[in-house]
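Q: This is the structure I have questions about; it appears just below.
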Amino acid sequence: IKIIYYLVSEYIPGGELLALIDKYSKLPEELVKILLAEIAVAIDFLHNAGVIYRDLKPENILLDSDCHVQLVDFGLSKWLSVGARTTTLCGTLKYMVWVVTRCVTCEMAHAVARTVSPSLVHASGRH
């Protein structure tokens with residue numbers, strides 16, 4: 001028996017915020033203020049429900065026919081109880097702050113170094 005799952009969602013005619021940014025490159029300040037306020041309200045709602053939304057980027061912000069915000073792609077989201085913390089690093093690299101990406105690069109380098117022969121690591125001058 002083969003089980004098939006379907007995901008049905010509401011049609012959002014405005015498309016991605018990224019498409020709007022690409023089309024106009026510079027959005028009117030008043031529109032940006034409204035969009036940011038709606039995003040903040042959505043994030044606040046999720047946080048109050050115990051959900052951490054960890055993939056906020058223009059591709060994951062859809063706009064309805066009235067230009068209201070809807071967040072999508074909860075694949076990286078996480079349930080977290082009040083007061084709890086998470087240390088998981090995730091997201092889209094091109095949208096991360098340079099300090100975080102530098103740390104990611106350092107961690108990747110250290111991970112590679114741990115899998116390489118110790119003699120090669122010492123030969124490179126790193127201990």
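Any read-out appearing in this document is the output of simple, stated calculations on the displayed coordinates, not a laboratory observation. Because the structure is predicted, anything quoted here is derived from the model rather than measured. For neighbour counting, all protein chains shown are included, and Cβ atoms are generated from backbone atoms with ideal geometry for every residue, glycine included.
Q: For residues that are in contact (Cβ under 8 Å) with a residue 12 or more places away in the chain and among the small types (Gly, Ala, Ser), scanning just region 23-59, find the one that is surrounded by the most Cβ atoms within 10 Å (Cβ to Cβ).
A: Filtering region 23-59 for residues that are in contact (Cβ under 8 Å) with a residue 12 or more places away in the chain and among the small types (Gly, Ala, Ser), the one surrounded by the most Cβ atoms within 10 Å (Cβ to Cβ) comes out as ALA42.
Q: Could you grab me the full set of residues in region 1-22 that are within 26 Å of LYS78 (Cβ to Cβ) and surrounded by 12 or more Cβ atoms within 10 Å (Cβ to Cβ)? Reasoning before the result, please.
A: Applying the first criterion (within 26 Å of LYS78 (Cβ to Cβ)) to region 1-22 yields 5-10, 12, 16-18.
Passing the criteria: ILE12, GLU16, LEU17, LEU18.
Q: I want to confirm something. Restricting to region 61-77 and keeping residues that are of a type in the set (A, V, I, L, M, F, W, C) and surrounded by 15 or more Cβ atoms within 10 Å (Cβ to Cβ), which single residue is farthest from PRO13 (Cα to Cα)?
A: The residue in question is LEU76.
Q: Sticking with this one: Spot the failing condition for GLU59; the list is (1) in a helix (DSSP H, G or I); (2) more than 18 Å from LEU27 (Cα to Cα); (3) among the charged types (D, E, K, R), and only one is missed.
A: All conditions pass for GLU59, except number (2).
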